[in-house]
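Here's the structure, in structure tokens; my notes come after.
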Amino acid sequence: RVVEAPTEAAPVSEDGDATTASSSGPIQRSSYLTERDVRRLVALYFEPADVDKAVRISWCESTFNAGSIDPGDGGAGLFHHSPAGWADLAASAGWPGTDIFDPEADVAAAAWLVYQGPTGWASFSCQG
């Protein structure tokens with residue numbers, strides 16, 4: 001479902017300027033994240049019992065590529081959110097004005113869909 005096939009996680013630099021993050025640094029968009037990075041973000045927004053499922057869904061949707069775009073429906077980011085509805089979704093999730101490729105906003109929006117959206121886990125094509 002992703003445009004690009006995963007190769008390997010992008011390198012992490014000591015100064016936080018890398019395309020993925022260390023355990024304390026920022027995670028930037030348009031890059032492959034490590035499972036550890038995704039798990040860290042997911043744990044911030046999902047209930048502990050749901051973390052594994054959310055990580056699996058993110059892998060299935062985007063192979064942890066924060067910059068992925070589905071060639072079929074245009075879904076973008078880690079959880080392949082719809083660009084057409086992103087502004088409203090991001091605002092509902094507490095991230096108004098954020099880019100669809102922002103990994104943390106993406107995860108927060110996914111959690112909002114699961115816990116407050118009308119369709120819960122069914123919001124995602126992949127079910128992990």
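Any residue at all in the stretch 66-77 that's modelled with pLDDT of 95 or more and charged (D, E, K, R)? Among the residues of the stretch 66-77, not one is modelled with pLDDT of 95 or more and charged (D, E, K, R), which makes the answer no. Out of the residues in the stretch 10-51 that are buried (at least 18 other Cβ atoms within 10 Å of the Cβ) and hydroxyl-bearing (Ser, Thr, Tyr), state the one that is modelled with the highest pLDDT. Of everything passing the filter in the stretch 10-51, 45 is modelled with the highest pLDDT. Checking each residue in the stretch 75-106 for being in a helix (DSSP H, G or I) and touching a Gly at 6+ places or on another chain (Cβ under 9 Å) picks out 83, 84, 86, 87, 89, 90, 91, 92, 103, 105, 106.
Residues of the stretch 71-86 that are under 23 Å from residue 32 (Cα atoms) and open to solvent by 40 Å² or more (accessible area, probe 1.4 Å): 71, 72, 73, 82, 83. Cβ-Cβ distances below 8 Å connect the following pairs, each with a first residue in the stretch 87-114 that is closer than 24 Å to residue 52 by Cα, a second residue that is of a type in the set (Asp, Glu) and part of a helix (DSSP H, G or I), and a separation of six or more residues or different chains: 95/104; 100/106; 103/37; 114/50. Residues considered: 92, 82, 58. Of these, the only one that is under 10 Å from the mean Cα position of the chain (by Cα) and among the hydroxyl-bearing types (Ser, Thr, Tyr) is 58.
The values are calculated or read from the model by the stated rules, or taken from the named source; none is laboratory data. All figures in this text were calculated on a predicted structure; none of them were measured in a lab. Virtual Cβ from ideal backbone geometry, glycine too; neighbours counted across all protein chains shown. These area figures cover heavy atoms from the full protein model, side chains too; ligands, DNA and RNA do not enter into them. Shrake-Rupley method; radii C 1.70, N 1.55, O 1.52, S 1.80 Å.
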